[in-house]
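Here is the structure we will look at.
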Amino acid sequence: MDAESYQKTVDQIAPKRPVLLNCMKAFLTGGIICAIGQLVSFVFMYFFSFTERTASNPSVATMVFLSMVLTGFGIYKKIGQFGGAGSAVPVTGFGNAVISAAIEHKSEGFILGVGVNMFKLAGPVIVYGVFSAFVVALIKTILVKMGVISW
């Protein structure tokens, strides 16, 4: 059997993925997570006198914390199975990645298990996020100094 006929056989036997349905589930899941995040932000603004700008950091921290708690109870896994990338793309996916790795390796001990493996997946996100923020801040500072944009 040559490669072309093999591929045709595989295409006939393999189940078809519901791409449109998966996209709609991801959109719905991500939208709900973001709407909850916006509600958390409104709570900080209404009850704690934050401004829209200052409420963002505690809102993000709260959402990451909530995703970590939901991961610990096994709920976020079900959300991820339903919503796919819709649960991974928001900042809650970061909290899920950190805690799920920690839970998976807790039997190896706190230092060599949890401590070492906790940031295997999230570590590159942190590194490239910090580096990207530095580059953007550097470019903005240069543009402000040159008078191209105002602070």
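The values are calculated or read from the model by the stated rules, or taken from the named source; none is laboratory data. Everything numeric here is computed off the predicted structure, so don't read it as measured data. Heads up, the Cβs are rebuilt from the backbone with ideal geometry, glycines too, and the neighbour counts pull from every protein chain shown. Just so you know, the surface numbers come from the protein's heavy atoms only, side chains and all, with ligands and any DNA or RNA stripped out. Shrake-Rupley method; radii C 1.70, N 1.55, O 1.52, S 1.80 Å.
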Item to complete: Compute the length gained on full extension between Asp11 and Lys140: take 0.36 nm times their separation in residues and subtract their Cα-Cα distance, giving the result in nm to one decimal.
Response: 41.4 nm
Item to complete: Would you mind checking the pairs Lys8/Lys77; Lys120/Lys145; Lys16/Lys78; Lys25/Lys140; Lys25/Lys120; Lys25/Lys106 and listing those with alpha carbons more than 30 angstrom apart?
Response: Lys8/Lys77; Lys120/Lys145; Lys25/Lys140; Lys25/Lys106
Worksheet item: Length gain on complete extension for the stretch Leu112 to Met1, per 0.36 nm per residue less the alpha carbon to alpha carbon distance?
Response: 35.1 nm
Worksheet item: How big is the accessible area of Thr51 in square angstrom, nearest 10, if you roll a 1.4 angstrom probe over the protein chains?
Response: 80
Worksheet, complete the sentence: Within the stretch 1-27, the residues whose backbone N lies under 19 Å from a label point placed 7 Å from the Cα of Leu121 along the Cα-to-Cβ direction are 26-27
Practice prompt. Roll a 1.4 Å probe over the protein chains and send me the accessible area per residue for the stretch 1-41 in Å².
Written response: 83
Item to complete: Kindly provide the helix-only [θ] at 222 nm of the chain, computed as the sum of -39,500 (n - 2.57) over DSSP H runs of four or more divided by all residues, to the nearest 500 deg cm²/dmol?
Response: -23500 deg cm²/dmol
Item to complete: With the full set of protein chains in place, find how many percent of the accessible area of the chain is carbon and sulfur; take the probe as 1.4 Å.
Response: 72
Worksheet item: Rounded to the nearest 20 Debye, what is the dipole magnitude of the chain about its Cα centre when Lys and Arg each give +1 and Asp and Glu each give -1 at the C-beta?
Response: 260
Worksheet item: With every protein chain left in place, what is the accessible area of Leu121 in Å² (1.4 Å probe, nearest 10)?
Response: 120
Worksheet, complete the sentence: The correct ranking of Met1, Met146, Met63 by accessible area at 1.4 Å, largest first, is Met1, Met146, Met63
